Each structure stands twice: as structure tokens, then as C-alpha cells.
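The values are calculated or read from the model by the stated rules, or taken from the named source; none is laboratory data. Values in this document were obtained by computation on a predicted structure and should not be read as measured data. Cβ placement follows ideal geometry from the backbone for every residue including glycine, while neighbour counts extend to all protein chains displayed. Note: accessible area is taken over every heavy atom of the protein model, side chains too, but ligands, DNA and RNA are not part of it. Shrake-Rupley method; radii C 1.70, N 1.55, O 1.52, S 1.80 Å.
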Amino acid sequence: MSLYQRTVEQKVLRDPIHGYIRVDYQVVWDVINSAWFQRLRRIRQLGGANMVYHCAEHTRFAHSLGVYELVRRMVNEINDIAESLKEEEKVAVMLAGLLHDIGHGPYSHAFEAITSTSHEEYTCRIIEEDTEITHILENAEKGLAKRVADIIRHQSDNFILTQMISSQLDADRMDYLLRDAYFTGTAYGEFDLERIFRTMRLHESNRLVIKQSGVFAIENYIMSRYHMYWQVYYHPVARSYEYLLHALFNRLRDLENTKDKAIMPYLKPLIDNHKLSLEQYFAMDDYSFNYGFACLVHHKDPIVKDLATRLRDRHLFAYTDKTDADVRRIRKWIKDAGLDTKYYLGRDAVKQRPYVPYTEKIDGAIWILMKDGSTKEISNASNIVYSLIHGPQQDDTKIFYPEELEG
Ligand code: ZN
């Protein structure tokens, strides 16, 4: 097979966000049909947020296809990009869009926090370390696996490709905002994707910019990020669920008697903190974890049993804004009830920056092409974005504790 081999006819997959996902290249179709890519059907996109938004059951599989489709449209429909990229670069960046999240573990980001793993690291291992995906890519063209991984880890020699996959206006963010807004039913996340595409250009042949007439669409997009973070991603109930996961893993690690391999074959390597083989990683998904938790409901340790039951039944911890007096009061309740504050009292601080202005270290800023041909970073071209990043920053700290102790 060669990199340029087309499918016999265009394959289409229906999608509620983009209408259709369209596949023309055989290598893309083969990757979609690989076991590693199919595994993403078993990992939900939003960790704890579906404890708040019950229809948010969509998967990394759907999101990855959506990112691919946006990249496919960019390399075909945005004239500046279509004309400046070679065909081999177009296929490589479409594959990078498809595979950018291939290394996600169960419960998406919650898993990384619990296990101190990074999905980016696993993504590159799965692409390059001799898996079925590595073979599909290398059979299409020698060196393709590394070229795709290089785009994902910002090491591509063509900066246009990096910006399409990983910048503050990339195909990844554009897909997850629209998709998460749709499946959570929160209208705030929507923005005018078509207007962004219509006004996207290349400046000095390597920087993606937006024409001045597209500034409103960009303001809208940044505001949608701002709202989605507070309303969905950082919702305190979602964080409370993720805290329970965290407490359960802490307890399992602290216990000496976790040698019960029959009960938790999938969880054991994580509890031991071993570096995971790709074979072990492959077996970890939302389904196998939920099975593991279902077994832990019968565990002999009362704390493990309680935390696993709470996860299963959505009997989450309550939360409050942190004050020192609150913490003292709650700590006393927990101790009086004979519980261990190490697992029954959590603290979590989040801050969000819906847009980070350009710095030499972070080159993912959004640039506006002014009518006179100059470029301005969006925070210098929009009063709304300027106010959002220079106004008081809204951070949020919560403490979590068992609700029934209250009063
Ligand atoms: Zn993604």
C-alpha cells in the first residue's frame, strides 16, 4: 500500500456535529479499523462531567474522528493551506488529528491525575512503538509514524501542521467545544465554525491568522471556552466525582493487602505504580475500570468498599468554598464520625485561562490579519479578549467531604 492509495469510494460516517466524517485515504481507513483506535469507543470524552450532564456519554472515538474531519476540511477548503501543503503533509496532518488522543486512559483526564501518566506520552508510544498502528503507518510510507508523532509533540518541521493540531485555535479545541456543548446540552459552547474557516488565512507562508472581519467569531469562540470551563469541565460535582476516584486509588496504594490479583487484574499495575506496558495500557478503559470498581464494592477494607460503592451509586461528596473556619469545622465532623481525613476530606483548586497571550515559550497565540496587512495578537485587537485576560482572574477552590456528616 502507498500513502496516496485511495479507498475504492469515499467512506462516510454520520456525525451529529459535522454531518459526515469523510474518508478518502486507505491508510486513514485502516487506522480507524485498528484495535487501538476502536479502543477509544470504550473511553468517554468527559471524565466526571457526565455525573452532572447525563447525556455526556460521547467517546474519544467520536471526538478523534471529529478532529480528523476538521483537519481534512482545513487542508481542502482553506485555499492558503490547500495550496501550500504537499499531499504527503496533508495525509500526515489528518492522521495526526485522528491519533492525537490515542493515548488517553479511562475517564480521560481524571486518569492522568490519579496515575501521574501523560496521555501525550502514551500517544507517541502507541504510534511509534511497534503496535498495529505503527505497522499501518510504516507500510503506507517508511518514516510516517515518526512524522505523525512529531506533529503531535510540536516537533514537525512545518509549523502550519503544528498549529492545526495544537494551538489555541486548533482542530482539537474546535471539535471538543462543539461536541461537548452538544452532548451536555449547554448552548454556551457553540460558536461560528464556518465563519472561522472562511476568514482563516496564512501569513508569511507559515502562520495561521484570521482576517479582521473574523474577530467577532474568535471572540465568540474564546467566550465559549470560558463558559464551558466553568459550566462543564470545572463543575464542582464533576470534580467531586474525580476526587472520589483519587481517594480510592490512594487507599488502594496505602493498603498492604492489595495482592488480590484475582479481583483487580487491570488496576493492579497502577496501584503498584509500575511503568505500564502497552499491552497493560490497552486493557485499561472505562469498562474494565468499572468492572474493577464493581469488584471493590465487596472488598474487605471498609474504606475501599465505601468509596467504590459511592462511585457506583453516585453518592458523591458535598463541596463548599474553602474558608479556614469551614475546614476546621468539617475536619472535626469527620474525626468525630471515626473517619480518616486522608480519604474523607479533599481539596481542589482550579484556575482557567480561556486564552493565553503570546509569549516566547508558548507560541500558540491567535493572530489577526489587519486590513493594512499587519498582524496583531487577538488580545490587542479585541477589547473583549483584552478585558478577559487583564481583568481579575477567577479561580475556584473547593473542599469535599461526606455530605451526611453535615449539621
Ligand atoms: Zn482531543
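Brief remarks follow.
- Each of Pro16, His63, Gly47 was scored by the projection of its Cα onto the charge dipole of region 1-84, and the greatest displacement toward the positive side belongs to Gly47; charges sit on the C-beta of Lys, Arg, Asp and Glu.
- Magnitude of the charge dipole for region 38-100, about its Cα centre and with charges confined to Cβ atoms of Lys, Arg (+1) and Asp, Glu (-1), is about 520 debye.
- Build a GNM of the chain with springs between Cα atoms under 10 Å apart, and of Ala82, Ala49, Ala145 the one that fluctuates most is Ala82.
- Dipole-positive endmost among Trp230, His390, Phe216 within the chain (Cβ charges, Cα centre): Trp230
- Each helix, a run of at least 4 DSSP H residues, gives -39500 (n - 2.57); summed and divided by the residues of the chain, these come to -14500 deg cm²/dmol at 222 nm.
- Over 23 Å between alpha carbons, listed pairs Lys90/Lys275; Lys146/Lys376; Lys351/Lys398; Lys275/Lys342; Lys11/Lys90: Lys90/Lys275; Lys146/Lys376; Lys275/Lys342
- Set of lysines with alpha-carbon distance to Lys268 below 16 Å, sequence-local pairs under 8 removed: Lys259
- Only beta bridges with both residues in the chain are counted; by DSSP, about 90 percent of them are antiparallel.
- Ranked by how many other beta carbons lie within 10 Å on average, peptides 117-124, 384-391, 338-345 from highest: 117-124, 338-345, 384-391
- Modelled label reach - Ala82, point 7 Å along Cα→Cβ, region 194-225 residues with backbone N closer than 17 Å: 194-202
- Pairwise FRET efficiency - His154 versus Lys371, Cβ, R0 = 22 Å, nearest 0.05: 0.10
- Whichever aspartates and glutamates have a C-alpha closer than 13 Å to that of Lys300, once near sequence neighbours (fewer than 8 apart) are set aside: Glu256, Asp260
- Pairwise Cα distances in region 6-185 exceed 19 Å in 56 percent of cases.
- Within the full protein context, the accessible area of His154 is estimated at about 110 Å² for a probe radius of 1.4 Å.
- Accessible area in square angstrom per residue, the chain, 1.4 angstrom probe: 45 Å²
- Label-point gap, in nm, between Asp326 and Tyr4 - each point 7 angstrom along Cα→Cβ: 6.3 nm
- Residue-level accessible surface for Arg42, protein heavy atoms, 1.4 Å, Å²: 70 Å²
- The mean sequence separation of alpha-carbon pairs under 8 Å and at least six residues apart, normalised by the residue count of the chain, gives a relative contact order of 16 percent.
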